[in-house]
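To start, the structure itself, in structure tokens.
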Amino acid sequence: MTEMTARKDWMSLLAKAPPRALAVLWEGQDAPDFTWLRAPEIGAAMVRGRMGGTGAPFNMGEMTVTRCSLQLDGGAVGHAYVQGRDKAHAERAALVDALMQTDAADRVRAEVLEPLSADMTGRAKARAAKAAATKVEFFTLVRGED
């Protein structure tokens with residue numbers, strides 16, 4: 001996996017993570033010293049969709065996002081865009097992004113990213129199982145006519 005692909009994966013995971021789940025995993029970490037490049041700020045982003053996933057794109061509406069950028073004392077820069085208005089969630093996500101670019105990457109991956117990924121996969125499976133329980137199977141009987 002290339003470095004850019006790996007970063008896309010952990011940034012996606014952090015952006016989609018439930019804020020409380022990330023907060024619980026982050027509690028055991030030592031927060032490094034950093035300076036803000038862009039303090040957490042709340043704004044909006046346009047969400048686009050496609051009919052059937054393949055049609056022409058259209059503007060579905062806006063969603064609230066919080067973004068920030070920071071630089072660790074060692075020079076690594078972390079960025080975060082998260083859904084909602086949770087500034088602490090954006091800060092934690094940016095810190096994890098920055099730490100993943102340092103020697104602490106293996107520790108952060110093992111203590112934060114992998115448990116977070118497992119938790120989110122478990123939630124998705126539970127949601128899918130709950131939806132599958134309501135599935136209705138329709139079928140047609142052959143009437144005997146040609």
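Can you put Val24, Val65 in order of accessible area, largest first, using a 1.4 Å probe?
Numbers: Val24 75, Val65 25 Å².
In descending accessible area the options line up as Val24, Val65.
With a cap of 16 neighbouring Cβ atoms within 10 Å, and only residues DSSP puts in a loop, list the trypsin sites (Lys or Arg not before Pro) found in the range 46-104. Don't jump to the answer; show the numbers that get you there.
On the way: sites: Arg48, Arg50, Arg67, Arg85, Lys87, Arg92; in loops: Arg85.
Counting only loop positions with at most 16 other Cβ atoms within 10 Å, the trypsin sites (Lys or Arg not before Pro) in the range 46-104 are Arg85.
Based only on Cα atoms, what Rg/Rh ratio does the range 7-107 have, Rh being taken as Kirkwood's radius?
Working: Rg = 15.2 Å, Rh = 14.5 Å.
Ratio value, two decimals: 1.05.
Normalising by the residue count of the chain, find the relative contact order in percent from Cα pairs under 8 Å and 6+ residues apart. Can you show the working numbers first?
Numbers: 194 pairs, mean separation 31.9, N = 146.
RCO, the chain: 22 percent.
Could you provide, to the nearest whole Å², the per residue accessible area of the chain with probe 1.4 Å?
Details: 9980 Å² over 146 residues.
Normalised by residue count, the accessible surface of the chain is 68 Å².
If exposed GluC sites (Glu not before Pro) are those in a DSSP loop with at most 12 other Cβ within 10 Å, what is the longest stretch of the chain that has none?
Working: sites that count: Glu27, Glu137, Glu145.
Longest site-free region, per DSSP loop and neighbour criteria: 28-136.
Could you tell me what percent of the accessible area of the range 7-107 is made up of carbon and sulfur, with a 1.4 Å probe and every protein chain present? Kindly include the intermediate steps, with their values, before the conclusion.
On the way: 2920 of 5850 Å².
In the range 7-107, the share of accessible area belonging to carbon and sulfur is 50 percent.
Along its principal axes, what span do the Cα atoms of the range 56-140 show, with the longest given first and each in whole Å?
Sorted from largest, the Cα extents of the range 56-140 read 67, 34, 25 Å.
With charges only on Cβ, +1 for K and R and -1 for D and E, what is the dipole size of the range 1-108 about its Cα centre, in debye, rounded to 20? The partial results should precede the final answer.
Numbers: 12 positive and 13 negative charges, 127 e Å.
Approximately 600 debye in magnitude.
The values are calculated or read from the model by the stated rules, or taken from the named source; none is laboratory data. Computed from a predicted structure; not experimentally measured. Don't worry about glycine lacking a Cβ; one is built from the backbone with ideal geometry, like all the others, and counts go over all protein chains shown. Note: accessible area is taken over every heavy atom of the protein model, side chains too, but ligands, DNA and RNA are not part of it. Shrake-Rupley method; radii C 1.70, N 1.55, O 1.52, S 1.80 Å.
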